[in-house]
Amino acid sequence: DSCQEIMSSEKKTKPSGFATRAIHAGQDPDPNTGAVSTPISLATTFVQSSPGKHTGFEYSRTGNPTRKAFEECVASLENAKYALAFASGSAATVTIVNMLNTGDHVISIDDVYGGTNRYFTRVAKPANGMEFSFVDLTKPGALQAAITPRTRMVWLETPTNPTLKITDIKSVAKATKQKGLILVVDNTFCSPAIQSPLDLGADVVVHSVTKYINGHSDVVMGVVATNDTKIYEKLKFLQNSIGAVPAPFDCYMALRGLKTLEVRMQRHTHNAMIVAQFLEAHPKVSKVIYPGLKSHPQHQVARSQMRLWGGMVTFFLKGGLEESRQFLENLKVFALAESLGAVESLAEHPAIMTHAAVPPDQRKKLGISDSLVRLSVGIEDVNDLVRDLKQALAAIKPSRKSKL
């Protein structure tokens, strides 16, 4: 009898496990065919029974069944009421910032993604008359000191790109709520499998879906999640008005990627920890930054808000640009390419590649030097990854300018 009671109770309760929600949330079998895979709805327009009376879809820019399934799944995984998908992470960023007005002030983490920095300083500032301050939010009191009467939003990445600084989300959220500011957290480097910013007090979570959520280097997309109805309504209006929405096929691909997100993040973390430990012990490496290492300056903060350490590893080679170039050119398994978060391992040089848009003086201040290399550790056999790094490091021939 007790077994029957448990089964009866379970039938009334929605699945709560992350992996279960990733596979099933927003993805009920098709009511017409029983298909277990969410259909790709390519229709641009939808029949109405009477003028203004429709099934919830009228025009595909405004809403699409495949996109809706993806948005509902992400909302579930982020513990959010709402989610909205966009054509790219950058499109999501633009839409969020468009909630603000001319003259408004935004405080951003200093070590922010290069594309976000570029949009803030070279588009939103001159075109919309907004002001941006780039602040090291890991320092006590830095946020409070940067707030002005015009401040409306705080933009946070944690871990940051590419120096993997960890900011205490709960602490920042407490400060923003006291001042009535919107806290946006870019959760791309963690994914919902590792970190839940809304549970820690954030108002908005944004992702480049291109990275871990999709996870296979074949989709460019973005997504935003929130529990705030007013923010959702503003963003929904802007999503429809600006129109930077993803294609149904891309939504289907990203939804497929979500199904394996948890198991991928577990493998990414396993491999990245071994890679980080290998690099930390190597004589040609001067410093390794990885949240899972005790040497990380915010390791304890990471422990308090991250369920896994993630797949991103940043390290500094002994030497400079020439040593970095030799190392990157000799990699065989790691691909020398921009982006991150895919099943295959990637390596890149931020100063030349992803963060070239960041002004040189700002890069220097942030520590994005010519010797910095960023790795996105994939889910290959970790022994092959370590062997690849070992042979690429062995191929470095110190230049005369190197400071070894």
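The values are calculated or read from the model by the stated rules, or taken from the named source; none is laboratory data. Since this is a predicted model, take the numbers as computed values, not measurements. Neighbour counts are summed over all protein chains in view; Cβ atoms, including those assigned to glycine, are modelled from backbone coordinates with ideal geometry. Accessible surface areas use protein heavy atoms only, side chains included; no ligands, DNA or RNA. Shrake-Rupley method; radii C 1.70, N 1.55, O 1.52, S 1.80 Å.
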Go through ILE396, ILE368 for me and flag whichever is buried (at least 21 other Cβ atoms within 10 Å of the Cβ), of a type in the set (Val, Ile, Thr) and part of a loop (DSSP other than H, G, I, E, B).
ILE368
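Run down GLN326, GLN305, GLN298, GLN362 and say which single residue is open to solvent by less than 50 Å² (accessible area, probe 1.4 Å), more than 24 Å from the chain's Cα centre (by Cα) and not β-branched (Val, Ile, Thr). Spell out how you get there, then give the answer.
Numbers: GLN305 fails: more than 24 Å from the chain's Cα centre (by Cα); GLN298 fails: more than 24 Å from the chain's Cα centre (by Cα); GLN362 fails: more than 24 Å from the chain's Cα centre (by Cα).
Only one candidate qualifies: GLN326.
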Residues of region 371-393 being in contact with a Lys or Arg (Cβ under 8 Å, 6 or more places away or on another chain), open to solvent by 20 Å² or more (accessible area, probe 1.4 Å) and of a type in the set (A, V, I, L, M, F, W, C), in sequence order, are ILE379
Identify all residues within region 182-215 that are of a type outside the set (D, E, K, R) and in a strand (DSSP E or B); write none if there are none.
ILE182, LEU183, VAL184, VAL185, VAL204, VAL205, VAL206, HIS207, SER208
Which one is surrounded by the most Cβ atoms within 10 Å (Cβ to Cβ) among residues in region 219-259 that are among the acidic types (Asp, Glu) and more than 22 Å from VAL36 (Cβ to Cβ)?
ASP228
Being within 19 Å of ALA356 (Cα to Cα) and open to solvent by less than 50 Å² (accessible area, probe 1.4 Å) is the filter here; which residues of region 122-131 pass it?
ALA124
Which ones in region 62-90 are aliphatic (A, V, I, L, M) and farther than 20 Å from LYS230 by Cα?
ALA69, LEU77, ALA87
Among the candidates SER241, SER217, residue that is without any contact (Cβ under 8 Å) to a residue 24 or more places away in the chain, under 25 Å from ILE40 (Cα atoms) and not hydrophobic (A, V, I, L, M, F, W, C):
SER241
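Across region 131-160, what is the total count of residues that are among the charged types (D, E, K, R), in contact (Cβ under 8 Å) with a residue 40 or more places away in the chain and out of contact with any Phe, Trp or Tyr (no Cβ under 9 Å at 6 or more places or on another chain)? Outline the logic, then answer.
Step one: list which residues in region 131-160 are among the charged types (D, E, K, R), which gives 131, 136, 139, 150, 152, 157.
Keeping just the survivors that are in contact (Cβ under 8 Å) with a residue 40 or more places away in the chain gives 150, 152, 157.
Subsequent filtering for residues that are out of contact with any Phe, Trp or Tyr (no Cβ under 9 Å at 6 or more places or on another chain) retains 150, 152.
Within region 131-160, residues that are among the charged types (D, E, K, R), in contact (Cβ under 8 Å) with a residue 40 or more places away in the chain and out of contact with any Phe, Trp or Tyr (no Cβ under 9 Å at 6 or more places or on another chain) number 2.
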Those residues of region 112-121 which are open to solvent by 10 Å² or more (accessible area, probe 1.4 Å), modelled with pLDDT of 95 or more and in contact with a strand residue (DSSP E or B) (Cβ under 7 Å, 6 or more places away or on another chain), in sequence order:
THR121
Quick test for you: out of VAL123, VAL154, pick the one residue that is under 22 Å from the mean Cα position of the chain (by Cα) and part of a strand (DSSP E or B).
VAL154
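Would you mention how many residues in region 329-356 are open to solvent by 50 Å² or more (accessible area, probe 1.4 Å), modelled with pLDDT of 95 or more and closer than 19 Å to ASP218 by Cα? Outline the logic, then answer.
At the first step, the residues of region 329-356 found to be open to solvent by 50 Å² or more (accessible area, probe 1.4 Å) are 329, 332-333, 336, 338, 344, 352, 356.
Subset that is modelled with pLDDT of 95 or more: 329, 332-333, 336, 344.
Filter once more, so that each one left must be closer than 19 Å to ASP218 by Cα: 333, 336, 344.
Residues that pass the stated criteria total 3.
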Taking region 15-25 and keeping residues without any contact (Cβ under 8 Å) to a residue 60 or more places away in the chain and small (Gly, Ala, Ser) leaves SER16, GLY17, ALA25
Those strands (runs of 3 or more DSSP E) lying entirely in region 216-318 with at least 2 residues over 22 Å from SER371 (Cβ atoms):
222-226
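Can you pull out the residues in region 171-181 that are in a loop (DSSP other than H, G, I, E, B) and open to solvent by 20 Å² or more (accessible area, probe 1.4 Å)? Please lay out each step first, then the result.
Here is the first cut: in region 171-181, the ones in a loop (DSSP other than H, G, I, E, B) are 180-181.
GLY180 - this is the single residue of region 171-181 that is in a loop (DSSP other than H, G, I, E, B) and open to solvent by 20 Å² or more (accessible area, probe 1.4 Å).
Every residue, every condition in (1) farther than 23 Å from GLU344 by Cα; (2) in contact with a His (Cβ under 6 Å, 6 or more places away or on another chain); (3) in contact (Cβ under 8 Å) with a residue 60 or more places away in the chain, yes or no:
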residue	(1), (2), (3)
VAL245	yes, no, yes
PHE249	no, no, yes
MET253	no, no, no
LEU261	no, no, yes
ALA272	no, no, yes
GLU280	no, no, no
LYS294	yes, no, no
VAL301	yes, no, yes
Scan region 99-111 and give yes if some residue there is without any contact (Cβ under 8 Å) to a residue 40 or more places away in the chain, open to solvent by 30 Å² or more (accessible area, probe 1.4 Å), closer than 22 Å to PRO162 by Cβ and not aliphatic (A, V, I, L, M), otherwise no.
no
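Within region 147-170, can you find the residues that are more than 30 Å from GLY292 (Cβ to Cβ) and either of a type outside the set (Val, Ile, Thr) or open to solvent by less than 30 Å² (accessible area, probe 1.4 Å) (or both)? Outline the logic, then answer.
Start the filter on region 147-170 by keeping residues that are more than 30 Å from GLY292 (Cβ to Cβ), which leaves 147-153.
PRO149, ARG150, THR151, ARG152, MET153 - these are the residues of region 147-170 that are more than 30 Å from GLY292 (Cβ to Cβ) and either of a type outside the set (Val, Ile, Thr) or open to solvent by less than 30 Å² (accessible area, probe 1.4 Å) (or both).
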Can you report the number of residues in region 40-77 which are touching a residue at least 60 places away in the same chain (Cβ under 8 Å), outside any helix (DSSP H, G or I) and within 19 Å of MET253 (Cα to Cα)?
6
